[in-house]
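Peer 1: One structure follows; several queries about it will come next.
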Amino acid sequence: MYGKREKELFQELKNGVFVEEQLRTNADLVCLSAMMTSSMLLMKDIIAKIKEKNKDVMIMVGGAPLTPAIAEKFGADGFAENAVKAQKKAVELLSIFRNRF
């Protein structure tokens with residue numbers, strides 16, 4: 001069911017809330033998850049906008065409709081197929097991030 005909260009979330013995504021939050025917090029890693037194809041399709045634009053403002057940030061994606069190939073196509077630095085693997089991948093990405101500087 002496509003309810004009020006989903007509509008609000010889509011509007012937040014379109015308005016750049018993820019970009020603003022990354023800049024405000026200066027997070028080294030941004031993780032995005034999608035459970036529906038419709039929200040997955042927004043990820044490519046979100047990733048591009050975040051990287052436009054901060055090219056050094058790392059982005060990991062996951063969720064039911066995603067694959068490693070889609071993650072790469074969208075410009076993500078990492079992909080995880082579930083929460084356990086996401087935690088391990090996040091540690092790996094942060095290690096790479098910290099070794100770059």
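What follows is calculated from the coordinates using simple rules that are stated; it is not laboratory data. Predicted model only: the values in this text are computed from it and were never measured. Here the Cβ positions follow ideal geometry from the backbone for every residue, glycine too, while neighbour counts run over all protein chains shown.
Peer 1: So which GluC sites (Glu not before Pro) in the range 22-101 pass both tests, a DSSP loop state and at most 15 other Cβ atoms within 10 Å of the Cβ?
Peer 2: Here the sparse-neighbourhood loop sites are Glu81.
Peer 1: Ranking Asp56, Asp45 by Cβ neighbours within 10 Å, fewest first, what do you get?
Peer 2: Asp56, Asp45
Peer 1: Which value does Rg/Rh take for the chain over its C-alpha atoms, Rh per Kirkwood?
Peer 2: Using Cα coordinates only, the ratio equals 0.96.
Peer 1: Between Glu72 and Arg98, take the C-beta separation as r, use R0 = 22 Å, and let me know the FRET efficiency to the nearest 0.05.
Peer 2: In this case the efficiency is close to 0.50.
Peer 1: Between Ser38 and Arg24, what length comes free when the chain is fully extended (0.36 nm per residue of separation minus the Cα-Cα distance, one decimal in nm)?
Peer 2: Full extension from Ser38 to Arg24 adds 2.4 nm.
Peer 1: If the chain between Asp45 and Val84 were fully stretched, how many nm would it gain, using 0.36 nm times the residue separation less the Cα-Cα distance?
Peer 2: Full extension from Asp45 to Val84 adds 11.4 nm.
Peer 1: Sort out the exposed loop trypsin sites (Lys or Arg not before Pro) in the chain (DSSP loop, at most 10 other Cβ within 10 Å) and tell me the longest stretch that has none.
Peer 2: 1-54
Peer 1: At a 10 Å Cβ-Cβ cut-off, how would you order Ile46, Ile96, Ile70, fewest neighbours first?
Peer 2: If I rank by nearby Cβ atoms, fewest first, I get Ile96, Ile70, Ile46.
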